[in-house]
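For reference, the structure is listed below as structure tokens.
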Amino acid sequence: MFSFLRSYFSNDLAIDLGTANTLIYVRSKGIVLDEPSVVAIRLEGGPNAKKTIQAVGKEAKEMLGKAPGAITVIRPMKDGVIADFTVTEQMLKQFIKKVHDSRLFSPSPRIIICVPSGSTQVERRAIRESAIGAGASQVFLIEEPMAAAIGAGLPVADATGSMVVDIGGGTTEVGVISLGGMVYAGSVRVGGDKLDEAIINYISRNYGMLIGENTAENIKKTIGSAFPGAEVREMEVSGINKAEGIPRKFTISSNEILEALTEPLNQIVSAVKSALEKTPPELGADIADKGMVLTGGGALLRDLDRLLMEETGLPVIVADDPLTCVARGCGLALEKMDKLGSIFASE
């Protein structure tokens, strides 16, 4: 009786706990929260020094690289898994509090969370524990490629092979799915963060300039591309000159960014190729017909579909609204939770 009441009062949630962004889907409402996975922590001085959470999400992201000594800005998720346990738990608490209207007693929702397919048992356990610590009554895990495929609207339950490439902030997940289960799951720890890092290193090497993470991400979004295009776009960037130690402006072109991104993009391509090698031939035939679907924020990189098409010779489709694919898939799994038993990951 009480469990019925509690579940009546708390909405079930599906959470895409990503390296770069956390999205929350509430049953029968859709996606209600989409914020960066960043936490700003303030260290208070004085006799009773304690850590308090200054900001989470968008506010905290704006503080990245600009915070004074007393405030540390942390990204608690690294490579798709938890790097800082307590901070992740607090961040989840704050996010869950945001989506739940204030009620008489604290919500204890059932939660579905995505985990990278390459994560170890220990890492999955950490995600589960932190969700329970944040107030969940039950936690179910679902593997990211599975959620991405459901969100992209692929026929996961049918006896045909569907291939999904989910390029997130920390990991790239490649999954081949048939009959509601994963036939092949591969995961490389290369994602949006590694692309930003490559840009930072390239500019530091070739221009002798230091730029921050947010600037690198901005360059990637504005002029980054994965395939040499006809037009060359340019962008003015400011950074600190290493030799003089003075902030300077300089111009960088899309061809240079293309060169900077070759290394991490090759890792993504080779992950896709090794997935195709290990796919059973019958399913391979289906994939050759239908092609693969790109999801995740990395799918927004210009001409990435062209690159994969040239490298593999298969059709490549970018899912619509690739950023929210995994969260939507999680949400659909939540709506049909009682019917779809086989898609959830075991610990």
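The values are calculated or read from the model by the stated rules, or taken from the named source; none is laboratory data. These numbers were taken from a predicted model, which means no experiment stands behind them. Note: ideal-geometry Cβ built from the backbone for every residue, glycine included; neighbour counts use all protein chains shown. The area values use the complete protein model at the heavy-atom level, side chains included, leaving out ligands, DNA and RNA. Shrake-Rupley method; radii C 1.70, N 1.55, O 1.52, S 1.80 Å.
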Checklist outcome for this item: Listed residues Q94, Q121, Q267; largest mean-square fluctuation, Gaussian network over the chain with Cα springs below 10 Å, found at Q121
Checklist entry - What list of ³J(HN,Hα) values in whole Hz, one per residue of region 134-149 in order, does the Karplus curve 6.51 cos²θ - 1.76 cosθ + 1.60 (θ = phi - 60°) give from phi, with Gly and Pro shown as x? => result 7, x, 7, 8, 9, 10, 10, 10, 9, 6, 4, x, 4, 4, 5, 5
Item to check | Portion, in percent, of the accessible area of the chain that falls on carbon or sulfur, probe 1.4 Å | outcome: 52 percent
Checklist entry - Residues of region 284-328 with amide nitrogen under 19 Å from the 7 Å Cα-to-Cβ point of S274? => result 308, 311-312
Checklist entry - So how strong a dipole does the chain carry about its Cα centre when Lys and Arg Cβ are +1 and Asp and Glu Cβ are -1, to the nearest 20 debye? => result 1300 debye
Checklist entry - Using 1/(1 + (r/R0)^6) with R0 = 41 angstrom and r between the beta carbons of N241 and K29, what's the FRET efficiency to the nearest 0.05? => result 0.25
Item to check | FRET efficiency for E263 and N48, using Cβ-Cβ distance with R0 set to 56 Å, rounded to 0.05 | outcome: 0.70
Checklist entry - How high is the relative contact order of the chain, in percent, with contacts defined as C-alpha pairs under 8 Å that are six or more residues apart? => result 19 percent
Checklist entry - Between D289 and F344, what FRET efficiency comes out of the Förster formula 1/(1 + (r/R0)^6) with R0 = 35 Å and r the beta carbon distance, rounded to 0.05? => result 0.75
Item to check | Residues of the chain: accessible area per residue with a 1.4 Å probe, Å² | outcome: 46 Å²
Checklist entry - Out of these labelled values of semi-axes √(5λ) of the Cα gyration tensor in Å, (i) 48, 34, 15; (ii) 33, 31, 14; (iii) 38, 23, 17, which was calculated from the coordinates shown here? => result (ii)
Item to check | Subset of K50/K93; K51/K194; K58/K336 violating a 23 Å alpha-carbon distance limit | outcome: K51/K194; K58/K336
